[in-house]
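This report refers to the structure that appears directly beneath it.
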Amino acid sequence: MIRGLVSANRGYNIKMTTPIRINDFTKEEASLLPAVNNLSNYPTNSPLDLENKLYHLIDQIRTNEIEQAQKEGREYHIHGLCAVLGYDPKHHAEYFTMPVGDDLFTKKNIYLDDLQALETLQQAMAIDGAILINSEGKIVHSGRFMQADLRIYSRHETALSTYRQLRETADAGTRHLAAIALSAQLPNLSFYTLKSDHPQLRVFRNGSIVSSTILDEVITGQPKAT
């Protein structure tokens with residue numbers, strides 16, 4: 001289930017294409033213009049904007065492969081993906097410290113709103129490991145191993161139920177095992193998964209499926225942990 005798109009930044013969506021001219025205002029109003037014009041240099045996406053933006057980018061990659069496979073008369077196959085939204089190195093670095101592939105973003109400044117975001121995500125998918133995106137929508141790392149504590153399944157009822165549900169449909173591999181566990185450990189992060197041989201996109205948060213291309217599998221209600 002894809003939640004409705006909104007455009008907000010603390011209640012406002014500020015998108016400036018042309019700086020406001022000083023001659024259009026009084027002297028008192030003009031004194032405020034430098035700060036107003038500088039707003040165009042800051043991210044204007046709310047968390048929900050970013051969640052939906054990332055979902056649609058990954059869904060576009062998935063849909064493109066479905067259509068290409070149909071055109072070529074072959075089965076769907078794409079490199080699997082796990083993208084983590086909300087990453088903050090101060091709080092989460094210890095869970096993603098081990099590199100397992102090249103990091104494409106150490107010297108780049110790419111955001112989900114950028115025109116090259118789709119192509120960049122596709123390149124990062126070809127590298128093993130998770131793609132990390134911060135709370136401003138900046139893609140900060142690729143090729144990171146997810147160091148999940150699988151013991152969380154023994155005390156987080158919803159995470160265990162989620163994983164078992166996907167195991168029954170053969171939609172859960174090691175990537176999902178780690179993503180669901182880490183989503184329970186780090187409930188403020190969103191984990192987007194795309195399996196290589198099944199064209200389903202899912203988002204996990206706090207051990208639950210919160211968005212999916214399969215509408216009836218979204219889990220509602222409060223997760224239970226013991």
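Tabulated values for the structure
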| item | result |
| --- | --- |
| Single unsatisfied condition, residue 59 versus (1) of a type outside the set (Ser, Thr, Tyr); (2) in contact (Cβ under 8 Å) with a residue 40 or more places away in the chain; (3) more than 23 Å from residue 208 (Cβ to Cβ); (4) out of contact with any Pro (no Cβ under 9 Å at 6 or more places or on another chain) | (3) |
| Selection count, segment 94-135, where residues are in contact (Cβ under 8 Å) with a residue 12 or more places away in the chain and either among the aliphatic types (A, V, I, L, M) or farther than 17 Å from residue 192 by Cβ (or both) | 25 |
| Criterion violated by residue 107 - all others in (1) over 24 Å from residue 187 (Cα atoms); (2) at pLDDT 90 or above; (3) surrounded by fewer than 17 Cβ atoms within 10 Å (Cβ to Cβ) satisfied | (2) |
| Residue within segment 133-141 that is closer than 12 Å to residue 87 by Cα and in contact with a Gly (Cβ under 6 Å, 6 or more places away or on another chain) present | yes |
| Per-region count, segment 110-131, residues touching a strand residue (DSSP E or B) at 6+ places or on another chain (Cβ under 7 Å) and exposed (fewer than 15 other Cβ atoms within 10 Å of the Cβ) | 0 |
| Tabulated pairs, segment 156-169, first acidic (Asp, Glu), second modelled with pLDDT of 95 or more, C-beta under 9 angstrom, 6+ apart or interchain | 157/207 |
| Residues of segment 76-100 classified as in a loop (DSSP other than H, G, I, E, B) and within 19 Å of the chain's Cα centre (by Cα), total | 8 |
| Check on residue 88, touching a strand residue (DSSP E or B) at 6+ places or on another chain (Cβ under 7 Å), of a type in the set (Asp, Glu) and closer than 30 Å to residue 46 by Cα | no |
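The values are calculated or read from the model by the stated rules, or taken from the named source; none is laboratory data. This structure is a prediction, so every number in the text was calculated from the model and none was measured. We place every Cβ from the backbone using ideal geometry, glycine too, and count neighbours over all the protein chains shown.
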